[in-house]
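Shown next, in structure tokens, is the structure this report addresses.
Each value in this text was obtained by applying a stated rule to the coordinates, not by laboratory testing. Given the structure is predicted, the values throughout are model-derived calculations rather than measurements. Heads up, the Cβs are rebuilt from the backbone with ideal geometry, glycines too, and the neighbour counts pull from every protein chain shown.
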Amino acid sequence: VEFFASPQIDRIAHRRTDAAWLAERLVDEATGFVPVWRGRSLVAWGQEARAVAWDARQVAACAPRVPPVLLGQEVSGRVWFALGLEPEWSPGDHLSGEENRFVDLRRIALRLSAPDAGLLAYARAMVHWHETHCFCGACGTATRTTEAGWLRTCENPACGRQHFPRTDPAVIMRITQDDRVLLARQASWPERWYSVLAGFVEPGERLQDAVRREVAEEVGLQLHEVRYAGSQPWPFPASLMLGFTARARDATICLDGEELEDARWFTREQIRQGVRDETLRLSPRSSISRWLLDAWLGTPDRPAAGNC
Ligand SMILES: [Zn+2]
């Protein structure tokens, strides 16, 4: 799943400890800085949206919250850093073009190119990690950034624990039974919005066990043929979505009554019709949730007989 991934960036991990090289890049006018402010990303808003990079001069004028984080290098040679801005900072005079604004990446993703969405997602994820790891989880002392933003070290000499960037695995699964797919909704979602099921992996679990547990907990279904399908970084704020497909052994849904407000089986035609007459809303095409569903919608109905 392409969106929010950044395969175009070589992460050049060997440069994270190269102080002389980093110092040069930080003042090089070709270097691009991706600002993140209050979880929002900077885009130029025209017919299409695109990521806006700052240069070293603009960075110097705005006092970032932590030193810039090295993201990596493009094939063109351009080096990228993420820049976390203080929440108290005000965009006010700093936005050069009238069309430039800080926005919620999820809301505008589909107006961006995939490489731009990937770059902004990557920067957002790294800045979020820094903002939430200012203190050591072991002893509570402040941590300090090193290795171009890829390590935070506890400043308490008796502790000295090292903290590395984190991403939280979550499973997302498309469950089918004969020629129907399971979609569900939470009460807090926008009206008529349905999606495939998802949930966080818990410590001590394999991925396929997490898929089985989540589905059993939320809708009371037992699964077979649990298969990995693909993954997507989901930095809202810090997840890695691991997509699976599986088949339900029977069709009887038993809602847990807590997380989900509703869960139902849909045929392909019911989904198409629901989208057409706007009685059904689906996740945006930028999401692995939609990718899993679209892959199923694009295949013909299986014959109802002969399945097991
Ligand atoms: Zn500590």
**Asked** Expressed as a rounded percentage, what relative contact order does the chain have, with Cα pairs under 8 Å and six or more residues apart?
**Response** 17
**Request:** Take every Cα pair under 8 Å in region 107-193 that's 6+ residues apart, average their separations, divide by the length, and report that relative contact order as a whole percent.
**Result:** 14
**Item:** Charge dipole (debye, nearest 20) of region 1-70; +1 at Cβ of Lys and Arg, -1 at Cβ of Asp and Glu
**Value:** 340
**Fill in**
Asserting the computed 222 nm helical MRE of the chain (DSSP H runs at least 4 long, -39500 (n - 2.57) per run, divided by residue count, to nearest 500) equals -6500 deg cm²/dmol
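Can you list, largest first and rounded to whole Å, the semi-axes you get for region 2-69 by taking the square root of 5 times each eigenvalue of its Cα gyration tensor?
Calculated on Cα positions only, the semi-axes equal 23, 17, 12 Å.
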**Item:** At most 14 other Cβ within 10 Å, DSSP loop - GluC sites (Glu not before Pro), region 11-62
**Value:** Glu29, Glu48
**Request:** Would you please calculate the Kirkwood hydrodynamic radius of the chain over all C-alpha pairs and express it in Å, rounded to one decimal?
**Result:** 21.6
